[in-house]
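The next block holds one structure in the form of structure tokens; read it before the comments.
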Amino acid sequence: MSLASPRPRGSDARSPAKILITGRPGVGKSTVFAKVVEGLESRGYRVCGFYCPEIRVGGVRQGFRIVSIGLPLEGVLSYVCGRMEGLSSLTVGKYCVKVSDAVSVGVGSLEYAERECDFVAIDEVGPMELKVDELREKIWSVLYGPKPVLAVVHARLAEEVRASLRSRSFRTLYFVVTEVNRERLPQEILDTVLGLPGLPSLGRA
């Protein structure tokens, strides 16, 4: 699958850190992501963006929500086709994407993060998120932008995202979650990020 990433207009000499988390489905990427976000917030950093938890009905996954980090917004990213009103014709497997919510929550949250926050956080950069033109463009704008980014990336896309960022001289940190390292990895990522030179000034006391 192609990411269809746009070419950036220029490189950022400050080389903000882009922290990528990947691994096979179900290994614990979102848990690692959430713990790193919590660790950054506990140290006074403003972290904003979105995450996409499962929607389960009777223990069976029916779709995914899209929930803002930093704003009181949430919606439906996707649902099993034909089982909910308002779904688009954009499909990933058996799921149809709800474009209106992807744009209002996803794009709105990332725009807010760009304006107001110290770190931009995305869970995840995956096929569903990239199906929506406006959200895909905004995700790449953030990845190529001047703020540090913490992003979970789908396993099939991770190497392409990593290569794209590194080819443009962004400082790219790459972590693969496994059953062996998933308990210690949040602290390892947090220690690495906090030790980087050039962290943003705290947005709050």
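The values are calculated or read from the model by the stated rules, or taken from the named source; none is laboratory data. Because the structure is predicted, anything quoted here is derived from the model rather than measured. Because the Cβ atoms are built from the backbone with ideal geometry, glycine has one as well, and the counts that use them run over all protein chains shown.
Would you point out the residue of the stretch 46-72, among those that are in contact with a helix residue (DSSP H, G or I) (Cβ under 6 Å, 6 or more places away or on another chain) and part of a strand (DSSP E or B), that is surrounded by the most Cβ atoms within 10 Å (Cβ to Cβ)? Ranking the candidates gives PHE50 first.
Going through (1) closer than 21 Å to LEU165 by Cα; (2) modelled with pLDDT of 95 or more; (3) of a type outside the set (Ser, Thr, Tyr) one by one, ARG9 falls short only on (2).
Here the stretch 170-205 is the region considered, the condition is being among the hydrophobic types (A, V, I, L, M, F, W, C) and assigned to a loop (DSSP other than H, G, I, E, B), and the residue that is modelled with the lowest pLDDT is ALA205. Among residues of the stretch 46-65 being of a type in the set (Gly, Ala, Ser) and closer than 16 Å to LEU77 by Cα, the one that is nearest to the chain's Cα centre (by Cα) is GLY49.
This table checks each residue for (1) in contact with a Leu (Cβ under 8 Å, 6 or more places away or on another chain); (2) buried (at least 21 other Cβ atoms within 10 Å of the Cβ); (3) under 17 Å from SER15 (Cα atoms).
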site: GLU129; (1), (2), (3): yes, yes, no
site: GLU134; (1), (2), (3): no, no, no
site: VAL142; (1), (2), (3): yes, yes, yes
site: VAL161; (1), (2), (3): yes, yes, yes
site: SER164; (1), (2), (3): yes, no, yes
site: ARG168; (1), (2), (3): no, no, yes
site: PRO186; (1), (2), (3): no, yes, no
site: VAL193; (1), (2), (3): yes, no, yes
site: GLY198; (1), (2), (3): no, no, yes
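For the stretch 156-169, check the following and say yes or no: at least one residue is at positive phi and at pLDDT below 95. Yes - at least one qualifying residue is present in the stretch 156-169.
Entry remark, the stretch 146-169: residues being among the hydroxyl-bearing types (Ser, Thr, Tyr) and assigned to a loop (DSSP other than H, G, I, E, B) number 1 in total.
Counting the residues of the stretch 102-127 that are surrounded by fewer than 20 Cβ atoms within 10 Å (Cβ to Cβ) and not basic (Lys, Arg) gives 9. Scanning the stretch 111-137 for residues that are in contact with a Cys (Cβ under 8 Å, 6 or more places away or on another chain) and either closer than 21 Å to PRO200 by Cβ or among the aliphatic types (A, V, I, L, M) (or both) gives TYR112, ALA113, GLU116, CYS117, PHE119, VAL120, ALA121, ASP123, MET128.
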